[in-house]
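Notes follow the structure.
Please treat every number below as a calculation from the coordinates, not as lab data. Since the structure is predicted, the reported quantities are computational estimates derived from the model, not experimental observations. Positions of Cβ are backbone-derived with ideal geometry, glycine not excepted, and every protein chain shown enters the neighbour counts.
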Amino acid sequence: MTKPVSLSPEVLRAFETLPDPYLILSPEFTILTASKAYLELSLRNLADIQGKYVLDVFPDNPSVTDCKATAMLKSSLQWAVEHKQVHTMPCQRYDLSPPNSPEVFTEKYWQAVNTPVADTEGNIQYIIHKVEDITAQELAKKNEVNTKIQLEKLYGEQAQTQVQLIAARADAELERMKLYNLLMQTPAMFCIFEGPQHVFKFVNPPYQGLVGDRPLLGRPIAEAMPELEGQSVLHLLDQVYSTGESVYAFETKVQLDHDNDGNLGNNYYNFTYQAVRNLDGDIDGIMVFAYEVTVQVNARREVEQREQTLKTLNEQLEAANREIEAAYAELSQTQQALQQLNKELEERIATRTRELERSKATTELQRNRLHMLFMDAPIPFLILDGPEHVFQLVNPSFQKIFPGRDLVGKTLLEALPELEGTPIPNILHNVYTKGETYEGNEFPLMLARHEGAEPEEIIFTFTYQPRIDEEGKVDGVLVYVQDVTEQVKARQVVEQSAQQLQLITDSLPVLIGYLDKDEKYRFANKAYEAWFPMKSEDLIGRPVREIVGEKAYQGVKQYIDRALAGERLDFKSKMPYRENFIKYINTSYVPDIREGKVAGFYTLVNDITEQVQNLLQIEEREKEAQALTKKLAATNEELIAANEQLLRTNLDLDNFIYTASHDLKAPIYNIEGLVQVLLESVTTNALPVEETERVRTMIEGSISRFKNTIEHLTEIVKLQKENSQEAVEIDLAEVIHDVVLDLNPQLEAANASLTLDVHSPPPIRFSHKNLRSIVYNLLSNAIKYSSPERTPEIALTCYPDGEFNVITVSDNGLGFNKAGSQKLFSMFGRLHDHVEGSGIGLYMVKKIIENAAGRIEVESEPGVGSTFKVYLKN
């Protein structure tokens, strides 16, 4: 089970304003929201119960020993979630206590239905818990039984009379419920107003359908339907309420906002306004019965136009009719005698049959009206009869969906065998057996429109409503259906296009948005999130003035007004959105003109802050440069002279180091010889042998290090002097081959493996001696600093990389940390003292490479190994 999706504020408000008692639960049975009707029945406030476990909010009555209300409710909810089907609970006692007196319980009886709602993947998102308070009926039944028992005990035959009276009252209540069900199921529009303000007291579904989901109950008609202002409806209601005289209106035009989108319809209705009186005979309300006759009015008008054409012919026939009327007059005199004889008999028959005919005529009239409404209805409609769902009535609108198939008189699966194996038969079975209305939205089915044709996907939105007979039992199913295939596919195309547009615009660095005529955002791409501290979807519906701030808004207000007037604009502006956040923008406003009117405009904002700031800096630097140019002109000659002096100084310094290292060699060799003579001349009795050898070793070590330092200084000077050696084209494979031959003894001694990837090396122009020195130093270091914990593995590769040829040497040796890389290339810098070395090799490698306009990089990790990359210019 997945985490339920959060309900949007619009969905929450829609649930909360439903006229019936509903509770919306999460799959874990926590309360998400509740309708106002439910809160009134349960004596609770939404803020006190929202987010709580439903069984904690409504516990069992501890004073009822056999009470299992919470267990039954939990079992029903679990069944609905597990089976993903609607579960109807039997009549159940579930007592309530007010929040301020939790120990006081009121006896209550409920009829409840739990409906799970799943997403497209079948995961339960939330549960709709609908209840009906049947306490009055259950208590009435209990009182009836108790009263009957008591009366039989106390009064005998008189009690029997009282029982009959109670039964008669129960029958009357049953008749009232039948009337209520009849009014709720009738396709005609019916409502009851209360009081002089004509407050809606009762509204059946067809009447509610006049204004969609707009709330009516409990509201005056002038408030609920403000578009009726100035029309005759309100005046007629006032007239009936004040005079008590019924009003019968035929083919009256009434303009209503049926879809709540601001557009008024032009429909015609026949309706009756009849006063409702209380027991004192005073008028306290109005009963309304109405049905739409727009189709008939339009048809009659067409007939009237045709009758106008026939008017001339009728005038010619009038003369002939007069002669026929004279003949009928003579025949009439003859018939009068017979009529006189039959009159008495007819009066007797008429007296006996008048009531029967009146009742039959009323029933037939109602049946004909219903049949006419169903058959003329533009919405596809049909009636399925009995448990086998036989097509009893199919109106032309429904038949148009299947023009090539015979439906009437066949069962559902006989007429449409493609429905076998689909959820439809099971849904109809539940509606028929449980008596619950089912609404399907955009339900796809594979059906053939013509007999024998290939099935195609048809998408339906439909309502299955149980048909109730006079005994309150379900005897059929009323089906309202719409073929929404084209609308759904068109919407899917639009949604796909919108998603693609969103993806495209979100990937652009430009701020792309859409403002409606009220200057509110209706679209914003992801680029807005980098400028404003909110998600792009949170901008939707908010005014631009609120988002960008008052200062920035005043800077572009004139452009917004011009765009909403229909002008396309391109402008640059400085936008102080907020403190320390100022942007320079290049903006385009493109009006959205629909049917000659501006519905809004698209806005494209490019950030040119960096360009503007760079331009300002360039201007400032140009001013500084002009001032510096004058100073540089004055000091340029001084710099040239100083540079020449520096070159002479460097040359003198190189000569000094070379001379010093050369001149120091002779004294060192002399000192070495004198120390040797001194040590040999010391008698064995003067110092112990061990002490003599230790001193000798220390002196020889110091002299050796001094000689090495002098040699290194000589090498550095040579390096500086050889920097200008001419570069020649070198075969890198040959250089590597020579170096490997020289290092073979060290490789074998270290048991190291060397992998070479130089089969097709790029041509390199370089100093042959310097290139050999680079390769030799890197490979010898990889052998020298190998790890004693593993077999040394060394790899050398070379490849081109843009304007460079790259030589890479990798090993799995000792490695070093980041701090060591700073010391690695310094003169006499060493990271590992347990291996012999001077610390001059990598310093010379780095100097050789940098003198040739290249660079060297290193990556290393202690205990893992190192990789050196040498970049040499092509």
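Overview of results
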item: A222 paired with Q308, simple spin-label distance in nm, labels 7 Å along Cα-to-beta-carbon; result: 4.0
item: Cα-Cα separations in region 494-607 greater than 23 Å, expressed as whole percent; result: 24
item: Full-stretch length increase - K784, D538 - with 0.36 nm per residue and alpha-carbon distance subtracted; result: 82.2 nm
item: Summed residue charge, Cβ within 12 Å of I593's Cβ, Lys/Arg positive, Asp/Glu negative; result: +1
item: Links that overshoot a 30 Å alpha carbon limit, given the list K253/K517; K631/K847; K201/K517; K68/K201; K410/K473; result: K253/K517; K631/K847; K201/K517; K68/K201
item: Neighbourhood net charge (13 Å Cβ-Cβ; Lys/Arg +1, Asp/Glu -1) for D483; result: -1
item: Local electrostatic count at V548 - Lys and Arg +1, Asp and Glu -1, tallied over other residues with Cβ under 12 Å; result: +3
item: When the convex hull of its Cα atoms is projected in every direction, mean area for region 50-105 (nm²); result: 4.7
item: Region 381-483: C-alpha gyration tensor shape, a/c 1.5 cut-off, then a/b vs b/c; result: prolate
item: Taking the convex hull of Cα positions in region 187-292, its mean projected area over all directions (nm²); result: 6.3
item: Entries in K52/K108; K84/K108; K52/K142 that, when Cα-Cα distance is taken, lie over 31 Å; result: K52/K142
item: Karplus (6.51, -1.76, 1.60) ³J(HN,Hα), θ = phi - 60°, over region 182-189, in Hz, Gly and Pro reported as x; result: 5, 5, 6, 8, 5, x, 6, 8
